[in-house]
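Trainee: A single structure is presented below for examination.
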Amino acid sequence: MNPFTHIDSENQPGMVDVSDKNTTKREATAESIVFLGTEVMQQLQGEEIQSKKGPVFQTAIIAGTMAAKNTSNLIPFCHPLPLEKCKFKIEVIDSAHVSVKCTCLTNARTGVEMEALTGANVAALTIYDMCKAVSKAIVIKDTRLLTKSGGKSDFSAK
């Protein structure tokens, strides 16, 4: 048996059939760590960076939310999901790094891990885009699933 769920018995790719699964509450949180460097972090005022393009973190949250809602349009075999929650937390880790966390929730037959990962990643990309005029040394790294609940199994990276 093939351990990859998106490959069928004839070795063809496709969406997983979730029609026999129960609808349950499913939640996932993902995180991207962004190295901004001290030059960009010097622009931090309180909990926000103001750029010529606007407020960086607020714009990243909007972009990440839009991306999470459109995950099935970006990842070929993801099921379209009605997101009931998409929440972000952007925090300063140290003098050079920020953490971008995205939590998504739905009541569906399949999980929201990809939506949370997509949201965190696009928010991080938006931070890069809005800060690249200050520094080209920004690095998006360590994008990972932190937690998931609902469905067959729960997961925690902690």
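The values are calculated or read from the model by the stated rules, or taken from the named source; none is laboratory data. All figures in this text were calculated on a predicted structure; none of them were measured in a lab. Every residue, glycine among them, receives a Cβ derived from its backbone with ideal geometry; neighbour counts consider all protein chains shown. These accessible areas exclude ligands, DNA and RNA; they are computed on the full protein's heavy atoms, side chains included. Shrake-Rupley method; radii C 1.70, N 1.55, O 1.52, S 1.80 Å.
Trainee: For the chain, what is the accessible area per residue in Å², given a 1.4 Å probe and the full set of protein chains?
Mentor: On the way: 9250 Å² over 158 residues.
The answer is 59 Å² per residue.
Trainee: Looking only at Met130, Met114, Met15, which one moves most when the chain is put into a Gaussian network model with springs between Cα atoms under 10 Å?
Mentor: In the Gaussian network model the winner is Met15.
Trainee: Among Ala67, Ala28, Ala133, whose mean-square fluctuation peaks in a Gaussian network model of the chain (Cα, cutoff 10 Å)?
Mentor: Of Ala67, Ala28, Ala133, the most mobile in the Gaussian network model is Ala133.
Trainee: In nm, to one decimal, how far is the modelled label at Ser9 from the one at Glu91, with both set 7 Å along Cα→Cβ?
Mentor: Each label point lies 7 Å from its Cα, and together they span 4.8 nm.
Trainee: Across bins of 5 angstrom width beginning at 0, how are the C-alpha pair distances of the chain distributed, in whole percent?
Mentor: The calculated distribution, bin by bin, is 2, 10, 17, 19, 16, 13, 9, 7, 4, 2, 1, 0.
Trainee: Among Asn11, Asn73, Asn22, whose mean-square fluctuation peaks in a Gaussian network model of the chain (Cα, cutoff 10 Å)?
Mentor: Among Asn11, Asn73, Asn22, the largest mean-square fluctuation in the Gaussian network model of the chain belongs to Asn11.
Trainee: Now for a separate question. At a 1.4 Å probe, what is the % contribution of carbon and sulfur to the accessible area of the stretch 69-158?
Mentor: Numbers: 2550 of 4780 Å².
Carbon and sulfur together cover 53 percent of it.
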